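Peer 1: I have a structure here, written as structure tokens, and I will follow up with some questions on it.
The values are calculated or read from the model by the stated rules, or taken from the named source; none is laboratory data. Please read these numbers as outputs of a predicted model, since none were measured by experiment. Heads up, the Cβs are rebuilt from the backbone with ideal geometry, glycines too, and the neighbour counts pull from every protein chain shown. SASA here: full protein model, heavy atoms, side chains in, ligands and nucleic acids out. Shrake-Rupley method; radii C 1.70, N 1.55, O 1.52, S 1.80 Å.
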Amino acid sequence: MCIAGGSIICNSLAVVYGKRPVYFITSVLLMVTCFWGAGSKSLGSLTAARCIQGFAMAPMEALIPASIGDIWFVHERGFRSAVFNLGVLGGINLASPIAGTIIQNHGWAVAFWIMGAFFAIQTLLVFFFMPESAYHRPDVLNLDLGSHENVNDALKYEKEHDRQAEKSEDNEVTDAQGNIVPGPAIRNPSVTSQKQSYWHELLPYCGYNSHDNLLKVMLRPFTLLASPVVLWATLLFTTCISWLVGISITISQIFSAPPYNFTVSQVGLTNLSSFVASLLATAIAEPLTDGIARFMARRNNGVYEPEFRLPILISYLVFTSVGFFAWGQAAENQAPWPVAVIVCLGLINFGIQLGTTGIVAYVVDTHRDKASEAFATMNFIKNTFAFGLTFYINDWIANQGVRQTFFVIGGLTLAASLTTVPMYIYGKKARSWIHRSKIVR
């Protein structure tokens, strides 16, 4: 729940004051709270450390996709989004085998000390290699087109090309070799700004201020639920990640019981197949996200549409849905552990890795200037749902059985993924409405 609340607060602070100070301060907090947790002498102290730690973790989940939109061009974001998702899923999958072994052999406090050391490394990496990516830009400046339009030219262009209102702000075209190049836009001289020195970029805070009202910015993420794109992405993103959390908190319930009788460390090692599947999905994410988008742009007379990110969701429909059905059946029949662990969990994670990559890239392409707020909303709802899931999924399995539970989850996954079809068909009209609507603005 602290991650959920932190997603709203930290992302709002990033919108107003820039992303670098938020990354830096929360990285320091993550390091300090790990050392605090390791030295805790009471449950109250440990709980307080974990609450602050959850708050500080929020930007690492909700803000990074917005930074991807700031730094990389539209045809480069798919693979970077896949690497980010590998970090999210890897955290879920690798925590158990690593922490389980450490806790079993050396105690839980040692796990916190080690994690604190890694967060200290993260803090140094943020300080030296994550400059501020928020800048004051002219009102009419399309980063993805690489164009600078003054207001008069923009109004003239809008009248002459009214049909362009239905196209995303991320439209790009391809050359004869299929490389994405800036699309047709009015070309004025490029915006010039004074280059900052490397030492100036190392300042924790560069002085950026959007001059927005912080309270209004905190409410803005919830207004983005009026966007059909954000609403659809929230549904799929919540189910994608929350079901993995559900597996992680029930896997001990399944494998520590007969006939498996796994130890704590052995239960943790069952997650390795999930990480390997996510790693394989990341390796093929570039051709399946950016590659398909480039191919479809060429077939679309050189015009890129954000909906070209959605075909990859077929993998989520096929692999993850089938994986949940197979996992429920295998666990119910007490199948040999390689079947349940390698095949079933591998299918689930392979599909989720590719599916979340498409979701993240689509939201960034559609709401590039509001990506921070969009992902704040998505992470708030996802973490709130996952928090509630922890209260009933173990009892759900105990009362109805593994097969019935994961057949229901598989059916819900199938139904949610099928909503991609109308989003692909009507996504352009949805973006047109978003462009014209004052609600989202």
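Peer 1: Roughly how many Å² is the accessible area per residue of the chain, as a whole number, for a 1.4 Å probe?
Peer 2: Computed with neighbouring chains in place, this is 46 Å² per residue.
Peer 1: Separate question: Calculate, in nm to one decimal, what residue 421 and residue 264 gain on full extension: separation in residues at 0.36 nm each, minus their alpha carbon distance. It would help to have the intermediate numbers written out before the result.
Peer 2: Details: separation 157, 0.36 × 157 = 56.52 nm, distance 4.20 nm.
Using 0.36 nm per residue and subtracting the Cα-Cα distance, I get 52.3 nm.
Peer 1: Still on this structure: Count the net charge of all other residues whose Cβ sits under 14 Å from the Cβ of residue 24, scoring Lys and Arg as +1 and Asp and Glu as -1.
Peer 2: Taking every other residue near residue 24 into account, the sum is 0.
Peer 1: Between region 71-118 and region 310-337, how far is it from one alpha carbon centroid to the other, in angstrom?
Peer 2: After rounding, the separation between the Cα centres reads 23 Å.
Peer 1: May I pose another question? As an exercise, identify the trypsin sites (Lys or Arg not before Pro) in region 353-427 lying in DSSP coil whose Cβ has no more than 13 other Cβ atoms within 10 Å.
Peer 2: Filter output for region 353-427: empty list.
Peer 1: What percent does the relative contact order of region 16-83 come to when contacts are Cα pairs within less than 8 Å and at least six residues apart?
Peer 2: The value is 32 percent.
Peer 1: Too long at a 23 Å Cα-Cα cut-off: which of 195/216; 195/370; 19/195; 216/438?
Peer 2: Working: 195/216 32 Å; 195/370 25 Å; 19/195 19 Å; 216/438 15 Å.
As for pairs spanning more than 23 Å Cα to Cα, those are 195/216; 195/370.
Peer 1: I'd like to know which of 125, 217, 367 lies farthest towards the positive end of the charge dipole of the chain, counting +1 on Cβ of Lys and Arg and -1 on Cβ of Asp and Glu.
Peer 2: 217
Peer 1: Same structure, new question: Taking the Cα centre as origin and putting +1 on Lys and Arg beta-carbons and -1 on Asp and Glu beta-carbons, what dipole magnitude results for the chain, to the nearest 20 debye?
Peer 2: Working: 29 positive and 27 negative charges, 85 e Å.
So the magnitude is around 400 debye.
Peer 1: If a/c stays under 1.5 just call it rounded; otherwise compare a/b with b/c (prolate if a/b is bigger, oblate if not). Do that for the chain, with a ≥ b ≥ c from the square roots of the Cα gyration tensor eigenvalues. Present the calculation step by step, with values, prior to reporting the outcome.
Peer 2: Values: a/c = 2.10, a/b = 1.40, b/c = 1.50.
Since a/c reaches 1.5 but b/c is at least a/b, the shape of the chain is classed as oblate.
Peer 1: Right, here's the next one. Is any helix in the chain, taking whole DSSP H runs, at least 20 angstrom long along its axis by alpha carbon and on average at least 0.0 on the Kyte-Doolittle scale, and which ones?
Peer 2: 2-17, 19-38, 43-62, 77-106, 108-129, 228-255, 346-366, 371-418
Peer 1: Averaging over all projection directions, find the projected area of the Cα convex hull of region 343-433 and quote it in nm² with one decimal place.
Peer 2: 7.2 nm²
Peer 1: Rounded to the nearest percent, how much of the accessible area of region 282-393 (1.4 Å probe, protein heavy atoms only) is carbon and sulfur?
Peer 2: Roughly 68 percent of what the probe reaches on region 282-393 is carbon or sulfur.
Peer 1: Counting Lys and Arg as +1 and Asp and Glu as -1, each charge on the Cβ, what is the dipole of region 304-441 about the Cα centre in debye, to the nearest 20?
Peer 2: Roughly 620 debye for region 304-441.
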